Amino acid sequence: MTTQDNTMIKNPSPDKENKNISDDKAAAKKFDESRFISQAISNALRHDKIDELQFDSPYAACIFPLLEALGWHNNARDLVEALPHFVEQLDLVDLRNILISLGFESQSCSKRLKKIKPELYPCLYETKQGDLLVLIDKNKDEYVYYDAVEGEKKTGQLPNLKGTAYFFTDTNPTHGISSKENKSEAWFSRLTKRFNKMVIHLLAMTAIVNIVALLIPLFVMVVYDKVIGSKSIETLPYLLAGVSILIVADLALRLLKSRLLGALAGRIDYLIGVETFRQLLFLPPLFTERSSVASQLSRLKQFDSIRDFFTGSSAAIILELPFVILFIAVIAAIAGWIALIPVIMAAIYALIAFFWIPYLNAKLLRSGQAKTAKQNILMQTLSGRKEIKSIGGESVWWERFREISGEAVYSNYKYFVANGILASFSQSLMTLSGITVVGFGALSVIEGSMTMGALIATMALIWRVLSPIQSIFLAFPKFQQAFKSIKQIDQLMRLGTEKHGQHSGLLLRDFQGGISIDKVSFRYGPNSDPAILGATFKIEPGEMVAIVGNTGSGKSTLIKLIAGMYKPQAGSIMFDKMDIRQLNSMELRRSIAYIPQESKLFHGTIAQNLRLNNALASDDDLTHAAEQAGVLEQILALPDGFDTRIGDNFTERLPPGFLRSISMARAFISPATIFLLDEPGASLDDNADQNFMNQIKLIKGKRSIVMVSHRPSHIRLADKAILLDQGIVQFVGPSDEAVKLLLGSV
């Protein structure tokens, strides 16, 4: 650590060291959270002052009356975690999203107030004038409701208002049993069913647009054959007026269709992004932690092809495709067998696609792999640039990046050429088809089997047929990519997540901290050796246990099994005589404070990082936890105290001891009865290590502590130690004996 780095944490003066803790609390900077409505609600819940809240937003004022009317009785922490961050005012979307997070889905319906049936209560009602009511109950003509504008509950009559009602459905399963979804139906299919009405509207608009497009060539044919042929000029103004009206209507419908298609694309993109991210968060860690960050990002990026499908021209082409048959039928009515030309062209396109598309996909796959490799090396460079500099490996690393970049450019060039050949050939085929129609149409006009107006109308219609067919042909690789992404999303959403819902799994209450490990075995893969094999031991409430062993003996795996990060493949792990498999994963982790080997702090303030483990922690709780971790004075010495922003590159400039103490403070804030520590002495100097040992002594006996460590000084703090060797428990007993065995095996 350089001198410059150390100045980031100012050493307190001797006078400051002599101040008592009350002076430190008084000196702490007050958090500027009042402007965020979510923080105001959180603080009110932390200090049990909900009745004192004053809401500027009527939507925020509806939260508690709605939840009370809906019969929601879960803990305040779930509500705090459901609130949007850094929002100064809640709107209707925020309110509905909060309720969705708490298990209440909503549907809207435009209705007069008196048309709402009492059995649909409670509901949210927004009048045309912008007033907001929570309708709680109705007895004859008398309503029980909450007036969000005036902020009070009322009983009385209401006029037959016009507005929009929002009805809520409780999606929470009951009695600890998860709700059953139709797993036989793919997730993406269930998602798109929500937009059936919107798709029907889009098809109806597309039908009208195509009918207008069909009428214009027919109008041209009438002008040539009837107006010009019979020199009936008096009918021309009427025809022009009719076509003008059609063109204006066509323009309006196209604009409306674009807006509707954009809204559909935006909603699908949002839902896919949010739901897949949620699924990834709640997957068991074993599913994701063995993959590199770059590969996981690459998979998520593949989902963008679905967004591109809906936001680009592909979705519009799909909507247009059914009406190609209509245009071909009209061409057949006007020009006879000439309608077979676009059909033959479509068959040739299909034949080319059968042979060329696989070759193009191979080029695309190679290009994608090269881009992923380039992204991998870029991420490795950003995360390990210090190591590269320290070993003088710049030249070697640059050469490696140059080779990978060259492969990425070359593979992309090959794909570009292959795609260019396909595009050029399709354009030539389309032009040839148009010329063929002109040629045979001219012969038909000469023979007298077709009029000149019919030929011109046929040419206008033929391009309406050829253009979508060509577009489908060129966009086929995009369709394939979108279908692959949909299949990947369906596979992702079929994976079993951890039990995390409010009523999912058993809940721990008044957890004592007793842990029983009985014949537990675990391996990372079917072809891997067991990381843990037949481990058996007990941890009594309030006991401190050290897990020791040489590198690769399974220490970290065992502590992750206790933390619920992995599930045992044989044997059982019991918490207060309840099997870990039956427990709600989120509730379990709230009863455990897990401190990993590497301290991770996220972008935000110190206060926000500390509250990740307990959203309801008050300012006093933060101060007390920082004091216990021995880091309070260092935090207060920072320019903004608990409001100091950390994360990103700033964290790298902080001393390791300070980061470890922040992690400890985050654990102290938790109401957890079990502390799990994985190599807590890693990268700590003597002073920081002594500070850590003092922290452990403060909580020893009050909470159950399971610590993985190789330091004898840490191991001797434990009441007993467990020695592992190649995943097998070799010794359970006094910590001094374990130290001797460990040192003897080195």
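The values are calculated or read from the model by the stated rules, or taken from the named source; none is laboratory data. No experiment lies behind these values; they were computed from the predicted model shown. Neighbour counts are summed over all protein chains in view; Cβ atoms, including those assigned to glycine, are modelled from backbone coordinates with ideal geometry.
Below, the figures for the structure above:
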{"item": "Within the stretch 605-644, helices (runs of 4 or more DSSP H) holding 3 or more residues that are within 19 Å of Tyr594 (Cα to Cα)", "result": "606-610, 619-628"}
{"item": "Candidate set from the stretch 304-347 (those that are of a type in the set (D, E, K, R) and farther than 21 Å from Ala204 by Cβ); member that is surrounded by the fewest Cβ atoms within 10 Å (Cβ to Cβ)", "result": "Asp304"}
{"item": "Selection from the stretch 569-598 of residues that are in a helix (DSSP H, G or I), among the hydrophobic types (A, V, I, L, M, F, W, C) and within 23 Å of Gly534 (Cβ to Cβ)", "result": "Ile580"}
{"item": "Residue satisfying all of: in the stretch 241-267; out of contact with any helix residue (DSSP H, G or I) (no Cβ under 7 Å at 6 or more places or on another chain) and among the β-branched types (Val, Ile, Thr); modelled with the highest pLDDT among these", "result": "Val248"}
{"item": "Test for Thr381: is it surrounded by fewer than 16 Cβ atoms within 10 Å (Cβ to Cβ) and either β-branched (Val, Ile, Thr) or at positive phi (or both)", "result": "yes"}
{"item": "Residues (more than 21 Å from Pro322 (Cβ to Cβ), of a type in the set (Gly, Ala, Ser) and surrounded by fewer than 16 Cβ atoms within 10 Å (Cβ to Cβ)) located in the stretch 444-468", "result": "Gly448, Ser449"}
{"item": "Qualifying strands (runs of 3 or more DSSP E) (wholly inside the stretch 108-170; at least 2 residues being without any contact (Cβ under 8 Å) to a residue 40 or more places away in the chain and either of a type in the set (S, T, N, Q) or surrounded by 12 or more Cβ atoms within 10 Å (Cβ to Cβ) (or both))", "result": "132-139, 142-147, 152-156"}
{"item": "Selection count, the stretch 255-265, where residues are in contact (Cβ under 8 Å) with a residue 24 or more places away in the chain and surrounded by fewer than 16 Cβ atoms within 10 Å (Cβ to Cβ)", "result": "4"}
{"item": "Check on Lys371, surrounded by fewer than 14 Cβ atoms within 10 Å (Cβ to Cβ), in a helix (DSSP H, G or I) and modelled with pLDDT under 85", "result": "no"}
{"item": "Residue list for the stretch 457-488, filter: among the basic types (Lys, Arg) and either farther than 12 Å from Ser313 by Cα or over 36 Å from the mean Cα position of the chain (by Cα) (or both)", "result": "Arg464, Lys484, Lys487"}
{"item": "Matching residues, the stretch 132-149, being of a type in the set (Asp, Glu) and touching a helix residue (DSSP H, G or I) at 6+ places or on another chain (Cβ under 8 Å)", "result": "Asp137"}
{"item": "Tabulated pairs, the stretch 74-92, first outside the structural domain of Pro58 (by TED's automatic domain parsing) and at pLDDT 75 or above, second not hydrophobic (A, V, I, L, M, F, W, C) and not in a loop (DSSP other than H, G, I, E, B), C-beta under 6 angstrom, 6+ apart or interchain", "result": "none"}
